[in-house]
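One structure is given here, and the rest of the page talks about it.
The values are calculated or read from the model by the stated rules, or taken from the named source; none is laboratory data. These numbers come from a predicted model, not from an experiment. Note that each Cβ is placed from the backbone with ideal geometry, even for glycine, and that neighbours are counted across all protein chains shown. Side chains included, ligands, DNA and RNA excluded: accessible areas come from the protein's heavy atoms. Shrake-Rupley method; radii C 1.70, N 1.55, O 1.52, S 1.80 Å.
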Amino acid sequence: MKFRRFTQISILILFACVVAFAGVRSNKRNRAQDKSKEQSIGGSLSANGVGKLSDAVKTAPGADVKVVPHAEFEEAASRNAQLQTSLEWSFGSKPQRGWSLYVPLIGNLIGSDANGAAGSFAARLSLWQKENGIEPTGVLDGATWSRMVSTFQFRRLNSRASTTPSQLITIPISDCYDPTRAEELRKVEPETFVAYRRMVAAAIADQSLGVQRASNGQLASGEQYFKIISAFRSREYQDQLRRQSPSSGRAGLAINSPHATGRALDLYVGGEPVNTKDENRAIQTGTPVYRWLVTNAGRFGFRPYFYEPWHWEYVGVGSDEATRKQGDGTK
Ligand SMILES: [Zn+2]
């Protein structure tokens, strides 16, 4: 009898344990579901609550990301589709919206030629985020964009030391966008000009661009693309420009301009030559010539200024990561 009673109690205890364990499991599952509900609510707020988005998509610290099918990034892709036109950020105290203008540069950085709302773009982005110690969400939110801007800026000319006019050469008028540009405004640092000519020769050779070639192999006189709008600008000339157009369409003429080095070139890439209005930059960043530059300029030692599609700086050809990523393709 005693033994039977003991068995009954044991069975009851065992049953109670099983029930309790199942309860814990189901609570856990509910919590996980609630969490994912919060996440989708956070996602739907992205148009007016960018700040909340980055919290909502947080994953566990140290979470490992493997190369996963793009389908797993569908939600990230739909957030990117919104953020590329709605993300609020500022640059030089000017409010900015979205990152769609920078998709060619971003694609080059992360190794994707897909559009900003594609699942494959989000998947590649998550790998870049991981490499850069950012949570690999595949969502191009404020924190990720800020890191990208720093990366673009870091790759530019690191010396702003002025060049003296005796170190400069004169650009032939046939390479200038304005066929009446005065000689004193056609100065450039010699290595920069040699690299420019090599780059233009490669662009002319790429028949998919349709760049018109003159009989001497240079740019045809009727061709505007790739022509030099501006190169060396002395500090005095820069000051004068700033006084003349304090509220020009440009983001503001830099006080410590890289043009004073003679190694910065403004090249014609479409639209109004040097106007930072979003509509204009949208035209410029959509031209095959701009896209060619994004992919190929690094091979010739040129780096972009992300904000001005026309502005390129000669940093020389090195073996660093950026140059390697530019690859050796001809597109
Ligand atoms: Zn410039």
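Using the Karplus curve 6.51 cos²θ - 1.76 cosθ + 1.60 with θ = phi - 60°, what ³J(HN,Hα) values do you get for each residue of the range 108-123, in whole Hz, with x for Gly and Pro?
5, 5, 9, x, 9, 10, 7, 6, x, 9, 7, x, 5, 5, 4, 5
Can you pull the Kirkwood radius for the range 78-153, inverse mean 1/r over Cα pairs, to one decimal in Å?
Working: mean 1/r = 0.0818 Å⁻¹.
For the range 78-153, inverting the mean 1/r across all distinct Cα pairs yields 12.2 Å.
In the range 203-292, if every C-alpha pair distance is counted and binned at 5 Å from zero, what percent goes to each bin?
Over the range 203-292, the share of Cα pairs per 5 Å bin runs 3, 13, 18, 21, 18, 14, 9, 4, 0 percent.
Can you give the accessible area per residue of the range 62-154, in Å², using a 1.4 Å probe?
46 Å²
Taking θ = phi - 60°, what integer Hz values does the Karplus form 6.51 cos²θ - 1.76 cosθ + 1.60 yield along the range 91-107, in sequence order, with x for Gly and Pro?
For the range 91-107, the Karplus-derived couplings read 9, x, 6, 9, x, 10, 9, x, 10, 4, 5, 9, 4, x, 5, 5, x Hz, x marking Gly and Pro.
Given C-alpha coordinates of the range 165-326, what is the ratio Rg to Rh with the Kirkwood estimate of Rh?
0.94
Using the Kirkwood radius over Cα pairs, work out the Stokes-Einstein diffusion coefficient for the range 85-242 at 25 °C and 0.890 mPa s, in µm²/s as a whole number.
129 µm²/s
Near the amide H of Gln96, under 5 Å away, which other amide H atoms are found, from residues 5 or more places off or on another chain, if H is placed in the peptide plane?
For Gln96, whose amide H was placed from the backbone, the distant partners under 5 Å are Trp89, Ser90, Phe91.
If packing is taken as the average count of other Cβ atoms within 10 Å, what order do 85-97, 184-196, 135-147 fall into, highest mean first?
Order by mean packing, descending: 135-147, 184-196, 85-97.
Cβ neighbours within 10 Å, averaged per peptide: list 303-311, 174-182, 113-121 in order, most packed at the top.
303-311, 113-121, 174-182
Per residue of the range 194-208, in order, report the coupling 6.51 cos²θ - 1.76 cosθ + 1.60 (Karplus, θ = phi - 60°) as ³J(HN,Hα) in whole Hz, putting x for Gly and Pro.
Going residue by residue, I get 4, 5, 4, 4, 5, 5, 5, 4, 5, 5, 5, 5, 7, 5, 5 Hz, with x marking Gly and Pro.
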